Amino acid sequence: HKSVSRNDLRLADLKPRLGKTSLIMSLVSEEFPDDVPLRAEEITIPADVTPERVPTHIVDYSGNNSNVTVHHNSAGLLGIDMFSLTQVTSHWIPLINDRTDKDSRVPLILVGNKSDLVEHSSMETILPIMNQYSDIETCVECSAKNLKNISELFYYAQKAVLHPTGPLYCPEEKE
Ligand code: GTP
Ligand code: MG
């Protein structure tokens, strides 16, 4: 597998207020923040407390995501909600591909936060999109408020960079 010295996670979302900053703060303090700043400070989680033993750098974005940069060895966590799912394919995947070197691939994780507020799982809607786009490594339903799937979410993101399951090459691109 790839040798990666540091993991970069960039949190972006399709609409503001989906809970990026809360997710980071819940991960770090294991507690839902009542008062949440616009952006969390950039932090690096030390190797010895991550499941894959690789330091993980987490970058938060707020509001307008037009300045999101994509780096090698990074995974993107995209906040989604049911009403903006189509933007994943119409807007986000093209935008991220645009900003990525031709031969590197940024694994994406779709994050459905605030699962404490919804009664129905959105997996049925998400699965067909996942199957269609190999860049989408996985999807997670979680809640910063209930601390549900929070450490799992960041673990999946680490794993997506270290052990991507996407294709190593696309047959269609090979002439
Ligand atoms: P921007 O920085 O403005 O783009 O927002 P953000 O994506 O960082 O969201 P933020 O963490 O500021 O959360 C927005 C609002 O949603 C706040 O009022 C949070 O308390 C609330 N919130 C965040 N996560 C959850 C959650 O899991 N459940 C519930 N019920 N509310 C949440
Ligand atoms: Mg924020």
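Scanning segment 32-52 for residues that are at pLDDT 85 or above, assigned to a loop (DSSP other than H, G, I, E, B) and either buried (at least 18 other Cβ atoms within 10 Å of the Cβ) or touching a helix residue (DSSP H, G or I) at 6+ places or on another chain (Cβ under 8 Å) (or both) returns Phe32, Pro33, Val36, Pro37, Leu38, Arg39, Ala40. State whether one or more residues within segment 126-144 are modelled with pLDDT under 75 and either surrounded by 14 or more Cβ atoms within 10 Å (Cβ to Cβ) or in a helix (DSSP H, G or I) (or both). Taking every residue of segment 126-144 in turn, none turns out to be modelled with pLDDT under 75 and either surrounded by 14 or more Cβ atoms within 10 Å (Cβ to Cβ) or in a helix (DSSP H, G or I) (or both). Looking for something of a type in the set (Ser, Thr, Tyr), at pLDDT below 80 and out of contact with any strand residue (DSSP E or B) (no Cβ under 6 Å at 6 or more places or on another chain) - is there at least one such residue anywhere in segment 165-174? Looking for residues that are of a type in the set (Ser, Thr, Tyr), at pLDDT below 80 and out of contact with any strand residue (DSSP E or B) (no Cβ under 6 Å at 6 or more places or on another chain), one finds at least one in segment 165-174, hence yes.
When you scan segment 66-88, do you find a residue that is modelled with pLDDT of 75 or more and over 23 Å from Pro164 (Cβ atoms), even just one?
Filtering segment 66-88 down to residues modelled with pLDDT of 75 or more leaves none.
Among the residues of segment 66-88, not one is modelled with pLDDT of 75 or more and over 23 Å from Pro164 (Cβ atoms), which makes the answer no.
The values are calculated or read from the model by the stated rules, or taken from the named source; none is laboratory data. Given the structure is predicted, the values throughout are model-derived calculations rather than measurements. Don't worry about glycine lacking a Cβ; one is built from the backbone with ideal geometry, like all the others, and counts go over all protein chains shown.
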